[in-house]
Amino acid sequence: MLDGKVAIVTGASSGIGRATALLFAEQGASTVVTARRGSELDALVGEISAAGGKAVAHMGDVRREDCAKALVDLALAEFGRLDIAFNNAGTLGAMGLVTEISPDGWQDTLDTNLTSAFLGARHQIPAMIAAGGGSLIFTSTFVGHTVGFPGMAAYAASKAGLVGLTQVLAAELGASNIRVNVILPGGTDTPMGRAAADTPESRAFIESLHALKRIADPMEIARSVLHLASDASSFMTGTAMLVDGGVSISRT
């Protein structure tokens with residue numbers, strides 16, 4: 001599905017980002033991966049290479065614009081173009097009632113979840129235009145979109161902002177043959193998901209909220225990203241795509 005394509009995946013050291021990088025490589029894409037944990041990135045690149053794929057890693061902090069620029073520069077230097085960017089890195093961030101969250105905690109959550117996506121897109125877009133088009137994809141969540149959880153204001157606000165960013169970029173870039181979409185996963189078995197549901201009781205509660213009565217494997221979410229990255233979604237742009245196991249509509 002992605003033969004000859006070049007992709008960037010942020011937050012690739014674990015969870016949805018790691019699963020997506022593996023799936024992109026399996027489907028023929030050359031991939032630039034980034035995260036803050038170098039050893040995990042090296043292991044990922046090794047796994048992709050062992051399976052016959054192509055990947056290079058850049059350890060960096062997506063909150064910094066120099067990281068966004070370095071990723072695009074690396075894609076162009078190693079593979080000659082950029083077709084896909086999955087701006088996926090994120091954090092639960094500052095938790096607690098709004099009256100208890102510090103301004104610094106609020107800002108750091110927005111920087112990681114929202115501003116990083118803006119910085120990434122800012123450098124990815126010119127490279128995609130030069131390649132004749134592409135697919136920009138972001139990771140939001142159902143939290144703050146269809147469901148409000150107490151204590152998650154910073155997370156919800158930052159992730160909801162990605163939906164607005166997606167819509168504006170889709171309108172701005174459609175004429176340049178760049179599609180822009182955002183996924184909204186439900187509960188997923190990732191380190192972040194396990195941090196949010198850190199006891200058997202809390203995990204069972206989260207599972208029960210979903211219509212499917214379970215949470216997702218990261219690869220299930222990665223397949224939705226592959227759909228948006230590929231020509232299978234060639235007439236989709238500006239979409240906030242729920243991949244949430246029915247949590248947004250379940251009342252049982």
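The values are calculated or read from the model by the stated rules, or taken from the named source; none is laboratory data. Given the structure is predicted, the values throughout are model-derived calculations rather than measurements. All Cβ positions, even for glycine, are placed from backbone atoms using ideal geometry, and neighbour counts span all protein chains on display.
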Report summary line: Listed by first then second residue, the pairs whose first member lies in the stretch 5-34 and is under 15 Å from A127 (Cβ atoms) and buried (at least 24 other Cβ atoms within 10 Å of the Cβ), whose partner is modelled with pLDDT under 95 and hydrophobic (A, V, I, L, M, F, W, C), with beta carbons under 7 Å and at least 6 positions apart or on separate chains, are none
Requested in this report: Test G174 against the criterion of being outside any strand (DSSP E or B), under 16 Å from the mean Cα position of the chain (by Cα) and not hydroxyl-bearing (S, T, Y), and give yes or no.
Outcome: no
Query raised in the report: Of the conditions (1) touching a Ser or Thr at 6+ places or on another chain (Cβ under 8 Å); (2) within 30 Å of I206 (Cα to Cα); (3) in a helix (DSSP H, G or I); (4) touching a residue at least 60 places away in the same chain (Cβ under 8 Å), Q167 fails just one. Which one is it?
Result: (1)
Query - Selection status of P185, crowded, with 21+ Cβ neighbours inside 10 Å and out of contact with any Cys (no Cβ under 7 Å at 6 or more places or on another chain) - result: yes
Requested in this report: List the number of the failed condition for F79; all other conditions in (1) surrounded by fewer than 19 Cβ atoms within 10 Å (Cβ to Cβ); (2) farther than 24 Å from D108 by Cβ hold.
Outcome: (1)
